[in-house]
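Comments concern the structure below.
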């Protein structure tokens, strides 16, 4: 499989290492240095593209892959306000795309557990729920895409919450923001060298229930992205990791 890496930061390098170990080849790389040179024709000898770039570059990268008729696996978050437009274009034009806020197999199992727990907790008014996410200081978007996915899963089941509200906490004495009863809090923390840590917490005056996923390295995300790239070859349409893992 001939792969184009759209984004050659820490994630791109982790994907490269796993791809080469599996016998694939990286035939094109887009970094900050050559991003302006990236055109659809650059993908002429590519079987699939994997995007872990920046939120403000992801949509343009997706459109260039569509123009070149190259399947794309998108791991970048922070662009999902344009998701409906991209989905429509993908389906109408017979393009191929996998999207996920997190390609880790463990996180996708965590998503499934979150859905189950949200259904179990629905209607139990004594419990309030919140999400906490911790990432490295280089992460640009907040809340994380993973946290937003968790929040949307909870909102689909919880009648008390109608929207989520993000709060970025730099240090322990950060002033608290007012929160309405119908708002689901996502608290984001940025700490050096943290790959990714997500908590879903239900609290009452009697007890607390918590589920947690801890990413120990980027290789879990990279392994899932390679799996998605292998899977999308020869398919048309828009898919998620849930489709691939059949959870």
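What follows draws every value from the coordinates through simple rules; no lab data is involved. Small disclaimer: the values here were computed from a predicted structure and weren't measured. Here the Cβ is made from the backbone with ideal geometry for all residues, glycine too, and neighbour counts use every protein chain on show.
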Using a Gaussian network model of the chain with C-alpha springs under 10 Å, which one of 179, 117, 43 is most mobile by mean-square fluctuation?
179
Kindly work out what percent of the DSSP beta bridges joining two residues of the chain are antiparallel, to the nearest 5.
35
Over the Cα atoms, compute the radius of gyration (one decimal) and Dmax (the largest Cα-Cα distance, rounded to a whole number) for segment 1-110, in Å.
13.4, 39
For segment 74-169, rounded, prolate or oblate, judged on the Cα gyration tensor with a ≥ b ≥ c (square roots of eigenvalues), a/c < 1.5 rounded, else prolate if a/b > b/c?
prolate
Averaging sequence separations of C-alpha pairs under 8 Å and six or more residues apart, then dividing by the length of the chain, give the relative contact order as a whole percent.
22
When only alpha-carbon atoms are used, what values of Rg and Dmax, in angstrom, describe segment 105-215?
13.6, 38
Please rank 104, 178, 31, fewest neighbouring Cβ atoms within 10 Å first, as an exposure proxy.
178, 31, 104
Degrees separating the helix 83-93 axis from the principal Cα axis of the chain, which is the longest one:
40
What residue among 48, 107, 214 has the largest mean-square fluctuation in a Gaussian network model of the chain, using Cα springs under 10 Å?
214
With springs only between Cα atoms under 10 Å apart, run a GNM on the chain and tell me which of 186, 154, 18 wobbles the most.
18
Determine the gain in length on full extension of the stretch residue 193-residue 112; use 0.36 nm per residue of separation and subtract their C-alpha separation, reporting nm with one decimal.
26.5 nm
antiparallel share of DSSP beta bridges within segment 105-215, to nearest 5, in %, is 55
Rounded, prolate or oblate: pick one for segment 171-247, where a ≥ b ≥ c are the square roots of the eigenvalues of its C-alpha gyration tensor, a/c under 1.5 means rounded, and failing that, prolate if a/b is larger than b/c, else oblate.
prolate
Could you sort the peptides 7-13, 241-247 by per-residue average Cβ neighbour count (10 Å cutoff), highest mean leading?
7-13, 241-247
If I model the chain as equal point scatterers sitting on the Cα atoms and use the Debye formula, what is log10 I(q)/I(0) at q = 0.13 Å⁻¹?
-0.82
Where does each of 219, 239, 111 land when they are ranked from fewest to most other beta-carbon atoms within 10 angstrom?
219, 239, 111
Structure-based [θ]222 nm, the chain - -39500 (n - 2.57) summed over DSSP H runs of at least 4, per residue, nearest 500:
-10500 deg cm²/dmol
At a threshold of 8 angstrom on Cα-Cα distance, excluding pairs fewer than six apart, so keeping six or more, what relative contact order does segment 105-215 reach in percent?
36
Given points 7 Å out from each Cα along the Cα-Cβ axis, report the residue 85 to residue 60 separation in nanometres with one decimal.
1.4
If you stretched the chain out fully between residue 122 and residue 162, how much longer would it get, using 0.36 nm times the residue separation minus the C-alpha to C-alpha distance?
13.1 nm
